[in-house]
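Some notes on the structure that comes next.
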Amino acid sequence: MSGYHHLFIPGPTNVPEPVRQAMNIPMEDMRAPDFGAFILPLLEDLKTAFRTETGRVFVYPSSGTGMWEAAISNTLSPGDKVLMSRFGQFSHLWVDMAQRLGLDVQVFEVEWGRGVPVEDYARVLAADTGHKIRAVMATHNETATGVSSDIRALRAALDQTGHPAMLFVDGVSSVGSIPFEMDAWGVDCAVSGSQKGFMLPAGLGILAVSEKALAAAKSSTMARCYFSFDDMIATNATGYFPYTPATQLLRGLRVSLDMLIAEGLENVWARHTRLAEGARAAVAAWEGCELVARGPEWHSDTVSAIYAPEGVDAAAVIRTAYERYQTSLGTGLARLAGKAFRIGHLGSLNPVMLCGALSAVEMALRDNGARITPGAGVAAAQEHFRATAPGKATAPGKAA
Ligand SMILES: *Cc1c(COP(=O)(O)O)cnc(C)c1O
């Protein structure tokens, strides 16, 4: 095979060349006298990605799932009551973990394709006048269904009822890609990982915690060791870790974070919106295809989950794209297996790259019996990208 294999799964995402080069270095001494001077500003600058000034950020050798566990085990106690909602494979796994760690979980079951049911949370919080609920948990961007939820509204529900519960948010596929405002939304534990918006390989769990969550850690009684905040705080104070850190990933993180900060988070968010709108324009042009997300209010700007047309096996589409067209698409997870495929459009990405993926999808769809018009989706995306091209409005003397 010549050329690149095209990676359009919603994580791991494409790693930019400067980030890869920054990681291609000899092993280094993680106790070297100058290592702390590298780590301290890195931990500080990570706050920018979460939009927090008052919180602190922990980085663990872990995947994102570990940060669910770090958040829960450090701040809660067995039997604590928490509110959660389930509307896709990731929110499902988080509920499963909370239950297995011994929390008393009240789960709102939501149709896959919709997201956080703010009214349900609000109703139960208002009824909880004794303030038994210790934490409210929500998946910001459900990567399995391509659904984003309104965390600001969930914060408002807590504020309106004057409820003191902590707010935990899974931002694994949103932080660093779409608006995430830790301080403004009053998020107490913000869970993320390295291989999505941070454009790195998997291997770093990134968790931002508020002062309130740190205070809760003082009285929480859940067993914890590897993920203990206390051990991290003690060693992070001078820029070191309680065990061997993933030094190369941290070198890569320095560069990817610098890239996000140099582009400007608002510009990063706008870029993801533009890409997502192009993908959605393509889906609208593919006869018989439909987003899993049940309406524009749920549209995710980092991943689109798409139902294949009636009678077309989505798993076969994904396989064909991989085998014939060197393109990896996201699979339909759990109950979406065989029904839907996903296009990840987050991270290090531009419109022409995405048009390549859309082209592969069209060929694979047609190979598997979909009666879509060749090029229709790509054309729709192209027109969107032309209309929204930066500098278009000011380019002098250029006809549209
Ligand atoms: C990817 C993802 C996870 C799991 O992260 P891992 O790094 O695979 O452990 C959790 N939640 C969401 C929303 C995700 O997209």
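The values are calculated or read from the model by the stated rules, or taken from the named source; none is laboratory data. This is a predicted model, so every value here is computed, not measured. Positions of Cβ are backbone-derived with ideal geometry, glycine not excepted, and every protein chain shown enters the neighbour counts. Just so you know, the surface numbers come from the protein's heavy atoms only, side chains and all, with ligands and any DNA or RNA stripped out. Shrake-Rupley method; radii C 1.70, N 1.55, O 1.52, S 1.80 Å.
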Per the rule of 0.36 nm per residue minus the C-alpha distance, extending Arg31 to Glu323 adds in nm 100.6 nm
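Using a 1.4 angstrom probe on heavy atoms only, work out the carbon and sulfur share of the accessible area of the chain in %. Spell out each step's value before the answer.
Details: 8730 of 16420 Å².
Here it works out to 53 percent.
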Counting only the heavy atoms of the protein chains, how much of Cys225 is accessible to a 1.4 Å probe, in Å² to the nearest 10? 100
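Just how large is the dipole of region 278-400 about the Cα centre, in debye to the nearest 20, putting +1 at every Lys and Arg Cβ and -1 at every Asp and Glu Cβ?
Working: 12 positive and 10 negative charges, 38 e Å.
It comes to approximately 180 debye.
Over region 17-262, consider all pairs of different Cα atoms and compute the Kirkwood hydrodynamic radius from their mean reciprocal separation; express it in Å, one decimal.
Working: mean 1/r = 0.0547 Å⁻¹.
Kirkwood hydrodynamic radius for region 17-262: 18.3 Å.
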Per residue, how much accessible surface does the chain expose to a 1.4 Å probe? Answer in Å², no decimals. 41
Distance between the C-alpha centers of region 46-77 and region 193-272? Whole Å please. 6
Per the Cα gyration tensor, region 261-363 corresponds to an equivalent ellipsoid with semi-axes, largest first in Å, of 24, 16, 12
Say each of Thr388 and Ala184 gets a label point 7 Å from the Cα, pointing the same way as Cα to Cβ; how far apart are those two points in nm? 1.9
Considering amide H positions built from the backbone, and no H for Pro or chain starts, which residues 5 or more places from Glu290, or on another chain, come under 5 Å of its amide H? Tyr307
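Between Asp45 and Ala270, 0.36 nm times their residue separation minus their Cα-Cα distance comes to what? Before the final figure, lay out the partial values.
On the way: separation 225, 0.36 × 225 = 81.00 nm, distance 2.10 nm.
Result for the pair: 78.9 nm of gain on full extension.
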Is it possible to state the helix-based mean residue ellipticity at 222 nm for the chain, with each DSSP H run of 4+ residues giving -39500 (n - 2.57), the sum divided by total residues, to the nearest 500 deg cm²/dmol? What is it? -13000 deg cm²/dmol
Quick check: the angle from helix 376-387's long axis to the longest principal axis of the chain, C-alpha only, nearest 10 degrees? 70
